[in-house]
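Chemist: Sharing a structure, written as structure tokens. Questions coming.
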Amino acid sequence: MSIIYILIPIAILLTALGIYLFFWAVKTDQFDDLEKQGLSILFDDEKLDNSSTQTEQQSNEEESKKNN
């Protein structure tokens, strides 16, 4: 029975922490655009591929300039 005296305050603290974190997330606009994050995963690879392709092209151009 004495464990109840420990578990109830812990439960109240965890509930208060959860409520605080929820309102903090809403206040800092964490839930404004839920679709953007899901779609951004699809387009990140293209950006990386383009940048790596551009980097390869630049290095190839530099090598050809050195060879001439």
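Chemist: Quote to one decimal, in nm, the extra length available between F31 and I3 on full extension: 0.36 nm per residue of separation minus the C-alpha distance between them.
Modeler: 6.3 nm
Chemist: Between L39 and S64, what is 0.36 nm times their sequence separation minus the Cα-Cα distance? Round to one decimal in nm.
Modeler: Extending this stretch completely gives an extra 5.1 nm.
Quick note: the coordinates plus some simple rules give every number you see, no bench work behind them. All values reported here derive from a predicted model rather than from experimental measurement.
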